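Structure record follows, encoded as structure tokens.
The values are calculated or read from the model by the stated rules, or taken from the named source; none is laboratory data. A quick note: this is a predicted structure, and the numbers were derived from the prediction, not measured. Here the Cβ positions follow ideal geometry from the backbone for every residue, glycine too, while neighbour counts run over all protein chains shown. Just so you know, the surface numbers come from the protein's heavy atoms only, side chains and all, with ligands and any DNA or RNA stripped out. Shrake-Rupley method; radii C 1.70, N 1.55, O 1.52, S 1.80 Å.
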Amino acid sequence: MTTASIQVEVPSSFPAETVFKVFNHFHDIAPKVNPQVFKSIEILEGDGGVGTIRLFTFGDGVPFTSGKFKQDVIDASNFTYNYTFFEGDNLMGILDSINHLVKIVPSPDGGCIFKQTVIYNCKGDEKPSAEVLNFEKELYEKTYNAIETYAAAHPEAF
């Protein structure tokens, strides 16, 4: 199986605990701050914890309509959050799955670094183009920054 991957790293002035808590509300915040990408995110099965299956309905700003993912890991003590897209047109007809591995790393200055590795597991030899990978990397960076801005404006929620 062929793979492709991207790495996203975004420094934050917020502590790792706060960023982890905010990221765990991605499904609520992303459609508010980036509706052109995330029209809605809903639970299809589960309680929001590990094993939960969610449906992403994408907005007009991306070339996909939907994708289903399963929550693989939520580890508050290590600030990790992993999930796998396993169904939907966001797999572009060439992917078996897309793994998202999120790790929030505390910084010595009291802030943190949001790190996300996205692994595209290809059905065959065909991989997403460099253009697609760059688009998605920029999308993840912009979405993270929009979520952080939202959290800063709503500190009482986190």
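Summary of values
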read-out: Set P31, P35, P63: member being within 22 Å of E141 (Cβ to Cβ) and in contact with a strand residue (DSSP E or B) (Cβ under 8 Å, 6 or more places away or on another chain); value: P31
read-out: Region 96-147 - residue that is free of Cβ contacts under 8 Å to residues at least 40 places away in the same chain and open to solvent by less than 50 Å² (accessible area, probe 1.4 Å) and, of those, farthest from the chain's Cα centre (by Cα); value: S97
read-out: Which numbered condition Y150 fails, given (1) over 15 Å from the mean Cα position of the chain (by Cα); (2) aromatic (F, W, Y); (3) more than 18 Å from F23 (Cα to Cα); value: (3)
read-out: Residue satisfying all of: in region 60-95; open to solvent by less than 60 Å² (accessible area, probe 1.4 Å) and assigned to a helix (DSSP H, G or I); nearest to I119 (Cα to Cα) among these; value: L91
read-out: Scope region 32-51; condition open to solvent by 30 Å² or more (accessible area, probe 1.4 Å) and closer than 21 Å to T149 by Cβ; matching residues; value: K32, V33, P35, Q36, K39, S40
read-out: Qualifying residues in region 1-27 (those that are of a type in the set (S, T, N, Q) and farther than 27 Å from C122 by Cβ) - the one farthest from the chain's Cα centre (by Cα); value: S13
